[in-house]
Amino acid sequence: MELKEEIKKETKVDELPGINVTEIQQEPNNPVERTEHGDSGPKSTRLLVFFEILASIGSIMMGMDQFVVSGASLYAQPDLHIDSNLWSWITSGPLFGAIAGTLIAIPHNALFGRRPTFIVSCILYDIGVFMSTFAQSYGVLLGGRLIFGIGKGMEAMTLPIYLAELVPKSHRGGHLNLFQTFQMFGDFLGAVVSSIFANVPGTWRYMFGSGFIAPTIQLIGMFFVPESPRWLVQKGRVDAAQKSWKRIRQDTIKGRMEFEEMVEKVQEERCNERSFFSVVKEVVCNRRTRAMFIFGGLLPFASLWSGSAAVGYYMSDLFKSLGLTNKKSIYMQLPVEFVNFLSVLPAFYILDRFGRRRVMLTLMPISVLALIMIGLSDISHSLTTRVVIFVLGFFIYYFSYNPSFGTLAWCSEWRVV
């Protein structure tokens, strides 16, 4: 591209178009980001983190839902005369809806962009929460849960892509952890909400109703965040992409070079665009591509298969199975989920410092041992011993799972494709 070619040429500085001599002289003295190889990278604007937070707020609802449903199950089942078998569909309904949501998000992202997809997901969140809160029958409650799940799937599919397209690659691991951080904060918030409304008449309706807050805030915030510059370039709207880019990067030479490189890369991808069958053929025949494809799919599968989501949805029931009452089961979620939230914070530091592979190989065996410890917690005949082993097992599990499986499932797949 013009800017990059001009910089590479051995010309006088003041001959370069659109570049200020003072800016070049002063730029090395300014603090800049460092890439993984130690090279100085483009500087982000202060608004970037604000935009990332607005985009990530919806993931709070993903975390909240697990523990809101966990607490609500103890009261909604007798209120609506739902047995445990039927309630399992209320619990798993959002997961089935999320499958549809991810499939919808793929063409919706491609056709309409990231922001409109976020907006649709927030609207579906609110519709699902409204139906669940005011449901008078099992069918309405199940329908609300399915609609909620569609919004959840669209959010989960879009947010990691959007963050990866906004953040400099040198800090992508830590910034993509915002998704997991807000989700874990939502877990803790869900436990708090369940505890607050445990003694309020109409308990479970207030628990579900608390879900209006996060998606509504995100819905309003989506009208202020920029569209993905990469998506705009893909649609041929380079001028709009440049305006969006200036909101997330400072106007420096390196920032402009990064934009030029992004435009060039998108154009190359469009020129080399292949059919679906040729892509499948490469995955099957090319060893390196096949390994990347397997890893990109196996990591999130293993993350969910570890039982983290199932444990969240049934945390109250698990405590109750140890011998605690309904209220004590809800209250015991608070310390566990507070540690859950704290355990995701180290990922901001260790992922970019030590690398994904080393973190995964170090922490994964510990999380496996912690799950075994949790499974053996009911062997003791003492209630106190059972609860202590159960809670301690979760503390160890969260501090080993969240910085590894929990976070890498969302950020590594965008770095291997």
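Derivation of every value follows stated rules applied to the coordinates shown; laboratory data play no part. What you see is a predicted model, and the numbers here were worked out from it, not measured in a lab. Please note: Cβ atoms are built from the backbone with ideal geometry, for glycine as well, and neighbour counts cover all protein chains shown.
Values computed for the structure shown
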item: Cα-based Kirkwood hydrodynamic radius, region 184-224, one decimal, Å; result: 11.2 Å
item: Kirkwood Rh and Cα Rg combined as Rg/Rh, region 189-329; result: 1.16
item: Contact order normalised by residue count of region 312-417, Cα under 8 Å, 6+ apart, percent; result: 34 percent
item: Sorted by Cβ neighbour density within 10 Å, fewest at the top, the residues Asp317, Asp239; result: Asp239, Asp317
item: Rounded to whole Hz, the Karplus (6.51, -1.76, 1.60) HN-Hα couplings of region 199-207, x for glycine and proline; result: 10, 9, x, x, 2, 5, 5, 5, 4
item: FRET efficiency, 1/(1 + (r/R0)^6) with R0 35 Å, evaluated for Val49 and Ile213 via beta carbons; result: 0.95
item: Sorted by Cβ density within 10 Å, fewest first, the residues Leu163, Leu361; result: Leu361, Leu163
item: HN-Hα J in Hz across region 321-330 - Karplus 6.51, -1.76, 1.60, θ = phi - 60°, x for Gly and Pro; result: 5, 6, x, 8, 6, 4, 5, 5, 5, 5
item: Peptides 78-90, 280-292, 223-235, 363-375 ordered by average Cβ neighbours within 10 Å, highest first; result: 223-235, 363-375, 78-90, 280-292
item: For Glu261, Glu155, Glu268, order by how many other beta-carbon atoms lie within 10 Å, fewest first; result: Glu268, Glu261, Glu155
item: Under 19 Å between alpha carbons - lysine pairs in region 190-325 that sit 8 or more apart or on different chains; result: 8
item: As computed over region 267-417, the Cα convex hull volume per residue (Å³); result: 148 Å³
item: Long-range amide H partners of Arg249 with built H, under 5 Å; result: Thr45
